[in-house]
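Worksheet for the structure shown next.
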Amino acid sequence: MTDPTAASAPTPPEVGRSAEEQLPNRQTPFSAPFRAFIPEGWAPYPADLPDPLPATGHAPARRAALSAQFAGDRLVIPAGELSVRSNDTDYRFRPHSAFAHLTGLGTDREPGAVLVLEPTDSGHDATLYFKPRAPRTDPEFYADARYGEMWVGQRESLAEMQALTGLDCAPISQLGEALAKNAGSTRVLIVADADAQLTATLNGQRTALGLGAEAASDEQLAVALSELRLVKDAFEIEQMRIACDVTADGFEAVVAALPEAVWRGRGERWVEGVFGLHARHAGNAVGYDTIAASGDHANTLHWIRNDGDLRPGDLLLLDAGVELDSLYTADITRTLPVGGRFTPAQRRVYDAVLAAQQAGIAAARPGATFADVHAAAIRVIAQHLHDWGLLPVDVETSLNPETGGHHRRWMVHGTSHHLGIDVHDCALARQQHYREGTLQPGMVITVEPGLYFKSSDLLVPEELRGIGVRIEDDVLITETGCEILSARLPRTADDVEAWMARMLF
Ligand code: GLY
Ligand code: MN
Ligand code: MN
């Protein structure tokens, strides 16, 4: 498959151009007869409009909550642009999470689109600017590998996008004009790998309108968009349940595939592949790169190279999550004995981590702070390390952030994070709403303590070296405590062994 156009040269070349004018070297020019022939003989586009997206009924309340925080300000929230992987090959598109949250668009929709909330006397009017499909008389149809129907499929018309999202829609070509109209102030969310075209447009408008520098990148808006997702609505909670459920399916498929992963070699990759198959089939993708870490690799917290063998006496730490088409993701870790049975040393570490996780889950209740969950779990970790003679100080000294922290040698990460459209959701939320924030019904967080004894760690007994264990579940804060959304997967060592036995033996 070759691209007939260059992104920088949207007009297809014509026969008869000089050699200097020829566009990319792989391109076959389009003849005049082809251009005359190609628009003919196609069935009309469907007359019926599509059903609304599943999130369409929920997005207006999200937009209203944002609107209430920014009375009088124009808010510009881009989806982001396609990002080049290499030469003319792009990465698969994933919209910015805030854009997905406010529009209900998921999967790969919609590169280059921009949501604008225009201030009114009573709030904001929302308009979705995007590139609607061009008629088949337009060269885009056959010659534009990024947007053309022959290359990426039939995209929406304005009316179809409006039906899907419930939003007023306008062509992206009208965005510049819309932004040129004066507004009290314009706040823009700059997407991570920002979009040079939009930035240029906004820079131009900023100059023309004499707006301040905040028009280019608005920290307050970015923070508000992140905090807007701290408490999930009913649709989001349902999506999280489904994400956890299909992730459990993926874990079961991995267990069933363990013997094959062992004999094939590079078993970590096999595990990653089996889980990835389920993620792509049941949802959009994996919510983050799968960590399939066996043996000592489990002690590398973000081990995603996944090129190791699986050995029957070792553990496999599998940290993986399915991201649904709505982009909500699970984030679950199980540490599994590859051969189906824990050794006594592995079980000792496993049980300590499980006890820490139970303490963390017990602390995850409304009214507690996010930090309380970590405090409860890490105390159990520190106590076990002390009981095993590993801590050079007493537990209280180690837990005191000023005087200690020695236990962190064996669990350097936090116990929890918010989870949702992003695996590390709401990452820009302010400290007082995140780490120091009070847990509220509707929040979804992970509880994921671990213990990591590197093979090179001479301070731990030899029998523990090379053992790494993490147990990670996704919990919904409820009115009375929390619900473990990932409870379908067993957690105790006995239950894990029994569950694996059903699939392995
Ligand atoms: N999988 C990344 C995390 O657990 O935070
Ligand atoms: Mn996590
Ligand atoms: Mn994880």
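Beyond 44 Å, what share of the Cα-Cα pairs of the chain remains, rounded to the nearest whole percent?
Looking at the chain, the distances longer than 44 Å represent 26 percent of pairs.
In percent, how large is the relative contact order of the chain, given Cα pairs closer than 8 Å and 6 or more residues apart? Mind showing how you got there, number by number?
Numbers: 992 pairs, mean separation 61.6, N = 505.
Normalised by residue count, the contact order of the chain is 12 percent.
I want to check the label-to-label distance for A61 and D387. Put each point 7 Å from Cα in the C-beta direction and report it in nm to one decimal.
4.4
N87 to D168: extension gain in nm, 0.36 nm per residue of separation minus the Cα-Cα distance? If you can, show how the numbers build up before the last one.
Numbers: separation 81, 0.36 × 81 = 29.16 nm, distance 3.52 nm.
Value of the extension gain: 25.6 nm.
Between Q432 and R35, what is the FRET efficiency for a Förster distance of 60 Å, r being their Cβ-Cβ separation, to the nearest 0.05? Intermediate results must be reported in sequence, preceding the final value.
On the way: r = 61 Å, r/R0 = 1.01.
Efficiency, from the Cβ-Cβ distance: 0.50.
Determine the gain in length on full extension of the stretch A253-L459; use 0.36 nm per residue of separation and subtract their C-alpha separation, reporting nm with one decimal. Walk me through the intermediate numbers first.
Details: separation 206, 0.36 × 206 = 74.16 nm, distance 3.71 nm.
In short, 70.5 nm is gained.
Taking every pair of Cα atoms in the range 308-395, average 1/r, invert it to obtain the Kirkwood radius, and report Rg/Rh to two decimals.
Numbers: Rg = 16.3 Å, Rh = 15.3 Å.
Rounded to two decimals, Rg/Rh equals 1.06.
Just to check I understand the Karplus step: with θ = phi - 60° and J = 6.51 cos²θ - 1.76 cosθ + 1.60, what whole-Hz values come out for the range 447-460, glycine and proline as x?
Going residue by residue, I get 10, 9, x, x, 9, 10, 10, 5, 5, 8, 8, 7, 8, 10 Hz, with x marking Gly and Pro.
At 7 Å along the Cα-to-beta-carbon direction for both E402 and D351, put a label point, then send me their distance in nm to one decimal.
Once both label points are built, they end up 3.7 nm from each other.
Would you mind checking the radius of gyration and Dmax of the range 237-387 based on alpha-carbon positions, in Å?
Considering the range 237-387 through its Cα atoms, Rg and Dmax are 16.3, 50 Å.
Please arrange L354, L75 by how many other C-beta atoms lie within 10 Å of their C-beta, fewest to most. All intermediate terms of the calculation are to be shown ahead of the outcome.
Values: L354 20, L75 27.
Ordered by Cβ neighbours within 10 Å, fewest first: L354, L75.
Place the peptides 89-98, 326-335 in order of packing, highest mean first, counting for every residue the other Cβ atoms within 10 Å and averaging per peptide.
On the way: 89-98: 17.6, 326-335: 27.6.
Order by mean packing, descending: 326-335, 89-98.
Just to check I understand the Karplus step: with θ = phi - 60° and J = 6.51 cos²θ - 1.76 cosθ + 1.60, what whole-Hz values come out for the range 318-331, glycine and proline as x?
Result, rounded to whole Hz: 10, 10, 8, x, 8, 9, 6, 4, 6, 5, 6, 10, 8, 8.
Determine the gain in length on full extension of the stretch R341-D48; use 0.36 nm per residue of separation and subtract their C-alpha separation, reporting nm with one decimal. Each step should come with its number before you reach the end.
Numbers: separation 293, 0.36 × 293 = 105.48 nm, distance 5.69 nm.
Answer, rounded to one decimal: 99.8 nm.
Taking every Cα atom in the range 115-164, find the radius of gyration and the maximum pairwise distance Dmax, and write them in Å.
Computed over the Cα atoms of the range 115-164, radius of gyration and Dmax are 14.5, 45 Å.
Using a 10 Å Cβ count of at most 15 others and DSSP loop calls, identify the longest part of the chain lacking such GluC sites (Glu not before Pro).
With a cap of 15 other Cβ atoms within 10 Å, the longest stretch comes to 41-401.
Work out the FRET efficiency for Q154 and N182 from their Cβ-Cβ distance, taking R0 = 25 Å, and round it to the nearest 0.05. Show your work: numbers first, answer last.
Working: r = 37 Å, r/R0 = 1.50.
The computed FRET efficiency comes out at 0.10.
Report, in deg cm²/dmol and to the nearest 500, the calculated mean residue ellipticity at 222 nm for the chain, where each DSSP H run with n ≥ 4 adds -39500 (n - 2.57) and the sum is divided by the residue count. Before the final figure, lay out the partial values.
Values: 15 runs with 171 residues, N = 505.
Estimated from H runs of four or more residues: -10500 deg cm²/dmol.
Quick check: the angle from helix 493-504's long axis to the longest principal axis of the chain, C-alpha only, nearest 10 degrees?
That works out to roughly 60 degrees.
Readers should treat all values here as calculations from the given coordinates under stated rules, not as data from a laboratory. Here the structure is a predicted model, which is why all the values come from computation and not from measurement. Note that we place each Cβ from the backbone using ideal geometry, even for glycine, and neighbour counts take in every protein chain shown.
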